[in-house]
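I have placed the structure first, in the form of structure tokens, so that the comments after it can refer back to it.
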Amino acid sequence: MRKITDLTQGSIVRNLWIMAVPLISSSFIQMAYNMTDMLWLGHLGSDAVAAVGAAGFFVWLSNALSYMTKTGAEITVSQSIGARDPGRAAVYANHALTLSVLIGLGYAIFILTSADVLIRFFHFDASISSQSAGYLQIVAPGIFFQFNNNTFSGIYNGQGDSKTPFRITAIGLLVNIVLDPLLIYGYGPFPRLGTAGAAIATVLAQLIVYSFFAYRIFSNRFPLGKMHLFTALKKKPASRIIFLGLPVSLQNALFSMFSLTLAALAARWGAIGVAAQSVGSQIEALSWMTATGFSTALAAFVGQNYGAGKYERIRKGYRLTLYIAGSIGLSAGILFFLFSREIFSIFIPEAEAVEAGGTYLKILAISQLFMVTELVTQGAFNGCGRTIPPSLTGILFTGARIPLAWYLCSFPSLGLNGIWWSITLSSIFKGTLLPFWFLYFQKKILNAKKIKEKIL
């Protein structure tokens, strides 16, 4: 266990930062993947952005499904290491890998064969629909690689090692940054491929990331021992991974579907509506990805300390993470509110798109602090192996966005902006309720465990 980071001892702040900084950097790398595409495609016009944005929802859905094995691996591996049982951690890691291959391959095949039908949901004109379906079919193999890359990262995170996934993912970003302009615009000997070029760049980048991960994980140098691509699945470890990861996966999958429904509603205002949501959500990821990085770091920290029975460290770690991530979320909200149009115009210079996107950022700015609070608390719950409370809260209130958006859009004074207000209001409710739920969990569950261990 020499290469496994022990998060149950030493400075809490230092342990959190050791985990959080690479994770946040990795989150920004993921954001940069999307922003790089949007930045280059934005200069092709709103049609290209809308085409890739619509296809991107199904890529987003694959990320949501991958949380089943990613989260399951993070929790089971971290808790096993905290309990000083690396053999059990290796069993869980192997099962997570096999489940990831099976689920990821099935989803990639589904996307490849159903792209045309899925894009019809948006009711675009023939040109945009063709671009979007073509992008989705090309990117399908990349979906498989990305699915497994997320699970690889989860296994490393559970060991307290967030640096390795960061370094490997950074290589993929560099590949994507270099290939995007070459393949989209056809510089030098490369043909001009437009949206198809962006898809090819993404697939190649994900393949390279997968290759680097596989080289390390499927070797004897891996800290938990050599992993295997396929292993005979046993009921107990496989069911525990699914039980822990399914609520998180379902929450993220439904989040994608709810967002897809909102995007279809936004499409009533034409390509401008979809482009505003697609690009605006990528910009908003400035705070969302940061909070996700802290959430994952806290989950690993809490998981190891939960396995070791160190509940007071869990409380302190949660409070510290809230203070740090909350200040960042508040700063991002102020930035989005004051410079909304200036920020959006970097990606799409069209006046109508800047007006719609700038309003999106200004409305979403109000909820940034609450969104960060929700994600941090979700990480604390996940580390304790309690994935249902944050998932239930997320599903109920995120699902409420749809009827709320329909209602608010019916007001002539709001129109398209009613969709953005439904997102903000639901985030405020989630970011308020979930911390109180975790406070109850700390008092009733963690205190009871602590008293029981003292008696024993």
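The values are calculated or read from the model by the stated rules, or taken from the named source; none is laboratory data. Since this is a predicted model, take the numbers as computed values, not measurements. Glycine gets a Cβ as well: all are built from the backbone with ideal geometry, and neighbour counts include every protein chain shown. For accessibility, only protein heavy atoms count, side chains too; no ligands or nucleic acids. Shrake-Rupley method; radii C 1.70, N 1.55, O 1.52, S 1.80 Å.
A single member of GLY104, GLY134 is assigned by the TED database to the domain that holds VAL203, closer than 30 Å to ALA271 by Cα and out of contact with any Gly (no Cβ under 8 Å at 6 or more places or on another chain), and it is GLY134.
Restricting to the stretch 369-396, count the residues that are open to solvent by 60 Å² or more (accessible area, probe 1.4 Å) and part of a helix (DSSP H, G or I).
Residues in the stretch 369-396 being open to solvent by 60 Å² or more (accessible area, probe 1.4 Å) and part of a helix (DSSP H, G or I): 5 in total.
When each of ALA285, ALA308 is tested for being among the hydrophobic types (A, V, I, L, M, F, W, C) and either crowded, with 22+ Cβ neighbours inside 10 Å or at pLDDT below 85 (or both), the lone residue that passes is ALA285.
Number of residues in the stretch 292-305 that are modelled with pLDDT under 90 and of a type in the set (Phe, Trp, Tyr) equals 0.
Here the condition is being modelled with pLDDT under 95 and either in a helix (DSSP H, G or I) or basic (Lys, Arg) (or both); of LEU425, LEU439, LEU414, it holds for LEU439 alone. In the stretch 397-412, which residues are open to solvent by 10 Å² or more (accessible area, probe 1.4 Å) and either among the hydrophobic types (A, V, I, L, M, F, W, C) or without any contact (Cβ under 8 Å) to a residue 24 or more places away in the chain (or both)? Within the stretch 397-412, PHE397, ALA400, ILE402, PRO403, LEU404, TRP406, TYR407, LEU408, CYS409, SER410, PHE411, PRO412 qualify.
Residues that are of a type in the set (D, E, K, R), at pLDDT below 80 and in a helix (DSSP H, G or I) within the stretch 322-353 comprise just one, GLU352.
Pairs linking a residue in the stretch 159-173 that is more than 12 Å from SER25 (Cα to Cα) to a residue that is basic (Lys, Arg) and crowded, with 21+ Cβ neighbours inside 10 Å, with Cβ atoms under 8 Å and 6 or more positions apart or on different chains, do not occur.
Results for (1) under 12 Å from the mean Cα position of the chain (by Cα); (2) open to solvent by 20 Å² or more (accessible area, probe 1.4 Å); (3) under 24 Å from GLY106 (Cα atoms); (4) at pLDDT below 85, shown as yes or no for each residue.
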position: ASP47; (1), (2), (3), (4): no, yes, no, yes
position: ALA50; (1), (2), (3), (4): no, no, no, yes
position: GLY56; (1), (2), (3), (4): no, yes, yes, yes
position: SER62; (1), (2), (3), (4): yes, no, yes, no
position: THR69; (1), (2), (3), (4): no, no, yes, no
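Residues in the stretch 71-90 that are open to solvent by 10 Å² or more (accessible area, probe 1.4 Å) and under 25 Å from the mean Cα position of the chain (by Cα): how many? Break it down into steps so the answer makes sense when it comes.
As a first pass, look at the stretch 71-90 and keep what is open to solvent by 10 Å² or more (accessible area, probe 1.4 Å): 74, 79, 83-88, 90.
With the extra rule that they be under 25 Å from the mean Cα position of the chain (by Cα), the set shrinks to 74, 79, 90.
The qualifying residues number 3.
Inspect all residues belonging to the stretch 158-172 and state whether any of them is farther than 30 Å from ILE81 by Cα and in the same structural domain as ILE81 (by the TED database). Scanning the stretch 158-172 turns up no residue that is farther than 30 Å from ILE81 by Cα and in the same structural domain as ILE81 (by the TED database). In the stretch 234-264, the qualifying residues are those that are hydroxyl-bearing (Ser, Thr, Tyr) and more than 26 Å from VAL77 (Cβ to Cβ), and the one that is surrounded by the fewest Cβ atoms within 10 Å (Cβ to Cβ) is THR261. In the stretch 422-446, of all residues being closer than 16 Å to TRP288 by Cα and hydroxyl-bearing (Ser, Thr, Tyr), the one that is nearest to the chain's Cα centre (by Cα) corresponds to SER427. Of the residues GLY379, GLY394, GLY358, GLY383, the single one that is in contact with a Gly (Cβ under 6 Å, 6 or more places away or on another chain) and not hydroxyl-bearing (Ser, Thr, Tyr) is GLY383. If you filter the stretch 174-193 down to residues that are within 15 Å of ILE208 (Cβ to Cβ) and in contact (Cβ under 8 Å) with a residue 24 or more places away in the chain, you find that the one that is surrounded by the most Cβ atoms within 10 Å (Cβ to Cβ) is ASN176. Among all residues of the stretch 203-210, there is at least one that is in contact with a Pro (Cβ under 6 Å, 6 or more places away or on another chain) and either open to solvent by 70 Å² or more (accessible area, probe 1.4 Å) or not assigned by the TED database to the domain that holds ARG401 (or both).
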